[in-house]
1. Are any residues in the range A:99-127 touching a helix residue (DSSP H, G or I) at 6+ places or on another chain (Cβ under 8 Å) and not in a helix (DSSP H, G or I), and if so, which ones?
2. So in the range B:273-295, with the set limited to residues that are without any contact (Cβ under 8 Å) to a residue 60 or more places away in the chain and facing another protein chain (nearest Cβ under 8 Å), which one is surrounded by the fewest Cβ atoms within 10 Å (Cβ to Cβ)?
3. Please go through the range B:135-187 and pick out each residue that is of a type in the set (S, T, N, Q) and touching a residue at least 12 places away in the same chain (Cβ under 8 Å).
4. Taking strands (runs of 3 or more DSSP E) that do not extend beyond the range A:1-80, which have at least 2 residues that are away from chain B (no Cβ under 14 Å)?
5. Looking only at the range A:34-49, which residues are of a type in the set (Gly, Ala, Ser) and surrounded by 11 or more Cβ atoms within 10 Å (Cβ to Cβ)?
6. Just checking, does the range B:156-177 include any residue being within 14 Å of chain A (Cβ to nearest Cβ) and modelled with pLDDT under 95?
7. Right, residue A:297: of a type outside the set (Ser, Thr, Tyr), surrounded by fewer than 19 Cβ atoms within 10 Å (Cβ to Cβ) and farther than 24 Å from residue A:111 by Cα or not?
8. Any idea which residue in the range A:128-144 is nearest to the other protein chains (Cβ to nearest Cβ), counting only those that are surrounded by fewer than 18 Cβ atoms within 10 Å (Cβ to Cβ) and farther than 20 Å from residue A:20 by Cβ?
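The values are calculated or read from the model by the stated rules, or taken from the named source; none is laboratory data. From a predicted model like this one, the values you see are computed outputs, not experimental measurements. Positions of Cβ are backbone-derived with ideal geometry, glycine not excepted, and every protein chain shown enters the neighbour counts.
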Amino acid sequence: MQSIQTCFNFDLSKVKPLEEVLKYRTFCLEAVRQSCRGGTIRRNHSPVSGARLLSWGTVDGLEYGICPKTGSLFLTEIPAPAAWASLLDKVNRYRNEQAFDVHLKQSRLTSVYEPKKAWIEDTLRWHHLERPKVLEVTTPPSELTALLQTSPLVEEVVVWNETNPRPEGLWPEAADAAILLESLDRSGDPAAFLKRVHESLKPGGLLFLTALLASGFDMKVLGTKNLYLCPPDRTNCFSLNGLTQLLAQSGFTFIEVSTPGILDVEIVRAHCLQDPSIRLSPFETTLLDADPEKLSALQIFLQQSNVSSFARVVAKKN
Amino acid sequence: MRCLVFGCGYMGKIRAAVLKNHPDVTQVKIYDPYVNPDREPMAPDLLVPSEIPWKDFDAVFVCTPNNVSAKLAIEGLKNCGHVFCEKPPARNYEELCAVREAARARPDHTLVFGFNHRYHPLVQAAKDLVGEGGLGEVLYLRGTYGKSGGKNYRQSWRNQKEISGGGILLDQGIHMLDLFQYFLGPLKLVNSLLQDSFWKCGVEDNVFVLLRSARGAPVFLHSSATLWKHTFTFEIGCEKGYLKANGLLSQTGSYGREQLVIGRRQFEDEALALGNPREEIVYFDRDDSWRLEVNEFLSAVKEKRKATHGTLEEALQVMALIRDIYAIDSNLL
């Protein structure tokens, strides 16, 4: 198995500035509340371990439970499937038309999506997958789709709207690779969702997955005050342990498990500036008051120790 | 397949262990008249020293000191036809030419030389990324491979010229030369500098070599037995980026964790600062090189085809380079 460390200079303002996140978050929370008014399904048990969820805390009145065995977080009240699909679509449209995806289109393309394309292409080369048929599981439109369609390595990109139970075009056992950029974080039933992804892949097919982690530095330090923890994007916030357990249970073997995040330290510092009520421990304060060189070393340490909050996984269908 | 391993040293034990786990191998025996069976954990696999029962084996693995490897490879070709011989292929180019003659006399042979570094994960990953793999043509290569020697260094057969044929270049540097040719094809020697600066064994303990590819790409090697920290670094400069390999998974772990830095060229308009591009560091946690190399040899035998790595032609190319390196600077020793 391999793991990845990333060295790349860009800052939060280039991809997801806190002030933009606040606007986006307000929209999302209101959309979730509206969606829940039509009735909800309650999740009492961890989708990973089956253990009864313990109360963890609330995010603007929306309750999250924690899996006692893995430390993963789950929104406990989920809107009904039809309302859920419409909610994801609404939020995605807002992000694409009014939020940071519009204002920061170019910098997000170069800082977020192009590196992901390079990651996917490098991995395809290492596994000698020639002209694969790739399934991108997302709420369309996705910036990555267009990028992958320009890749000389990829034969075809089929978009599977994650709110549909079945992909159109590639089903079953027809895809050489499937890509889930944070879409597992948005699923009301992640185990069933992964099972369908597994079924869509050819034997030996590759799964590319990214997720934001509850076991990562900024989540651990900020807890419920982390403004990036907000449904529907973070309906599930797995720990790295929870995520890998779920993938293993779903019939995947790991090729890469990494947390090559770049922004944990900056996210915590930005939160502290924005919200003076956030109290850090004296040790955390010492760490985060350090000079830029030491902060950079801290971020590298988080990557190397798999405790950054951005996870990247490549797994192979057994 | 029934396999006979010559030599019960470090390499012989590694090869025997891999062979025992291979599904096509039905029998593994080791021949080493210098080993005392009473003190050898692998005694049940040892053949009692007597006449070698060639007819009982389909393939032989030569894992002996260099002074007998060419001789055994020739015998193996004559008697079994399928030979896997550890590096160096021989003590010198002339000895290897004799192996070539034996191979010509046995057209149905499979002959592979052990250059397992090609199968290390960082080398395989790097190979997939150069050229059409996205990074473009190779502009230059630079490699450093070295070890610390150790208190028994002077006594080791590896540093007695009569047995080994040379010093650190023939021991470790040969791997790096093979990797250079894996990436760039046959190389020509530009210049070399050899030193026996510290160990004073009568063989080189440091070598600096400058080479050039057929397309003109410069290549530089430093092979050393006085690197007090064990080192394996391999840099590949390409048109659209660069690769830096560092560390090598080994049984002792002394070369460090195996990692490959992947950098893609970015100018001012693509990055925050010129000369500070995005880098990814891939860490590899598993070395399958021994298993993959043996698998390839056994598959080539089974499928009656030429092996993809470690061929006689490649061995001749690397031994010709070593001949030229020693010729240009042997007076410094």
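1. A:99, A:104, listed by residue number.
2. Pass one, the range B:273-295, residues without any contact (Cβ under 8 Å) to a residue 60 or more places away in the chain: B:273-281, B:283, B:285.
Checking the rest, the ones that are also facing another protein chain (nearest Cβ under 8 Å) come to B:273, B:276, B:278-281, B:283, B:285.
Numbers: B:273: 9, B:276: 13, B:278: 23, B:279: 16, B:280: 20, B:281: 21, B:283: 19, B:285: 11.
Looking at the filtered set, the residue picked out is B:273.
3. Here is the first cut: in the range B:135-187, the ones of a type in the set (S, T, N, Q) are B:144, B:148, B:152, B:155-156, B:159-160, B:164, B:172, B:181.
Result: B:144, B:148, B:159, B:160, B:164, B:172, B:181.
4. Working: elements: A:2-7, A:40-42, A:54-59, A:62-66, A:73-75, A:77-79.
Result: A:40-42, A:54-59, A:62-66, A:73-75, A:77-79.
5. The initial filter retains those residues of the range A:34-49 that are of a type in the set (Gly, Ala, Ser), namely A:35, A:38-39, A:46, A:49.
Listed by number, the residues that qualify are A:35, A:38, A:46, A:49.
6. We begin by selecting, within the range B:156-177, every residue within 14 Å of chain A (Cβ to nearest Cβ); these are none.
No; the residues of the range B:156-177 include none that is within 14 Å of chain A (Cβ to nearest Cβ) and modelled with pLDDT under 95.
7. Numbers: of a type outside the set (Ser, Thr, Tyr): yes; surrounded by fewer than 19 Cβ atoms within 10 Å (Cβ to Cβ): yes; farther than 24 Å from residue A:111 by Cα: no.
So residue A:297 does not fit the description; no.
8. From the range A:128-144, those surrounded by fewer than 18 Cβ atoms within 10 Å (Cβ to Cβ) are A:128, A:130-131, A:140-141; that's our starting set.
Subset that is farther than 20 Å from residue A:20 by Cβ: A:128, A:130-131, A:140.
Working: A:128: 8, A:130: 12, A:131: 14, A:140: 27 Å.
Restricting to residues being surrounded by fewer than 18 Cβ atoms within 10 Å (Cβ to Cβ) and farther than 20 Å from residue A:20 by Cβ, the top hit is A:128.
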